[in-house]
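Reading through the structure tokens given below for one structure.
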Amino acid sequence: MELRHVYGNTYAAVGATALMPVYKLTDTDIVLMDTGYARLDRSALVNLIEGNGFRLRGIICSHAHFDHTGNVRYLQQRYGCLAAAQIIEAGISVNPDAYRANYVALTYGKSREYLLEECFPADVIIPADAEHLDFCGARFGILQLPGHSAGHIGVVTPDGVAYLGDCLIDEEQIAAAKLPTSMFIARDLESKESLRNLRRPAYIIAHKQVLTDIGPLIDRNIAFIHDKGRELLEDLEDGMSFDQWIYAFCQRENVRTRNEFKFSIVERNFANFVDWLTDEGKVEVRREFCAKHYFHREK
């Protein structure tokens, strides 16, 4: 696993699908931000740590998604390091039953089958209004950036480098994405807008870029969400059920996965967009015997 220098004592470990910031407390002691996939990144992380003679003192988690917390528990157990998480994400991470809050389309049984390895106990709880975190002898800034997940945070290293987690995705991810992952889209848009006021020497975008200017990327991320909202409205024929609507979307986007876990993510993301369009007054929900049917709201 490559270790890329970013600024000062801040580096980025180049994982399979994401950058994981590394802050050097000393030449040997480090704090890691997020831990990647269990299956794809574990051995490379261990090789990075042990091959460089690092001592992992702590992990700061941006949010409880499987591609960010896949190795937290393993690293806690292997190195005895501390893990810090925002209070909502810490609660979600406790066990598969809670973790299902981020994967609501999975059944109870499937959530336990798929998500057990991603669960961990947070040693340090970051309050929902925290602006900094004193951790492993250093002070890190905390950016409360909810929306992508309920308690999503960014982290500012003592050098001033801002790790933005998944609040923004890079151009390559935008081009490849069928639908953005966002639990609360209205709140996510607010968090993205808030980044315009941030002035830092460098920004680490988890998937998968280091930038010195994020203004254009903020614009692209916000436009991407609004574009997808318009596409969903174009897919909707008045009176469609949820299943009919998501079928039309997946047919247009050529979403053909038979993987149950991957489709659960598509279904969750689609449902979150439907809820947002409903809140925005663009979709009307009519219920008959508890069955939902969707209509364009008349202007």
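The values are calculated or read from the model by the stated rules, or taken from the named source; none is laboratory data. Model, not experiment: these values are computed from the prediction. Counting neighbours? That spans all protein chains shown, and the Cβs are built from the backbone with ideal geometry, glycine included. These area figures cover heavy atoms from the full protein model, side chains too; ligands, DNA and RNA do not enter into them. Shrake-Rupley method; radii C 1.70, N 1.55, O 1.52, S 1.80 Å.
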Problem set entry | Rounded to 10°, Cα long-axis angle of helix 185-194 versus longest principal axis of the chain | 40
Exercise. Can you put PHE184, PHE273 in order of accessible area, largest first, using a 1.4 Å probe?
Worked result: PHE184, PHE273
For this session: Determine the calculated [θ] at 222 nm for the chain from helices alone, applying -39500 (n - 2.57) to every DSSP H run no shorter than 4 residues and normalising by the residue count; nearest 500 deg cm²/dmol.
Result: -11000 deg cm²/dmol
Exercise. When ligands, DNA and RNA are left out and all protein chains stay put, how many square angstrom of accessible area per residue does the chain have with a 1.4 Å probe?
Worked result: 46
Problem set entry | Accessible area (Å², 1.4 Å probe, nearest 10) - CYS81 | 10
Exercise. Could you state the number of Å between the C-alpha centres of region 220-299 and region 1-73?
Worked result: 36
Exercise. In the chain, carbon and sulfur make up what percent of the accessible area (probe 1.4 Å)?
Worked result: 48
Exercise. In terms of solvent-accessible area of protein heavy atoms at a 1.4 angstrom probe, what is the ranking of LYS192, LYS262, LYS292, highest value first?
Worked result: LYS262, LYS292, LYS192
For this session: Tally the DSSP beta bridges in the chain and give the antiparallel ones as a percent, rounded to 5.
Result: 70
Exercise. Percent of alpha carbon pairs in region 49-143 separated by more than 22 Å?
Worked result: 31
Problem set entry | Whole-percent pair-distance distribution, where bins are 5 Å wide, for the alpha carbons of the chain | 1, 5, 12, 16, 18, 16, 13, 9, 5, 3, 2, 1, 0
Seminar exercise, completed: Quotient of Cα radius of gyration and Kirkwood radius for region 171-299, i.e. Rg/Rh, equals 1.02
For this session: Based on the mean of other Cβ atoms within 10 Å per residue, sort peptides 63-72, 225-234 so the most packed one is first.
Result: 63-72, 225-234
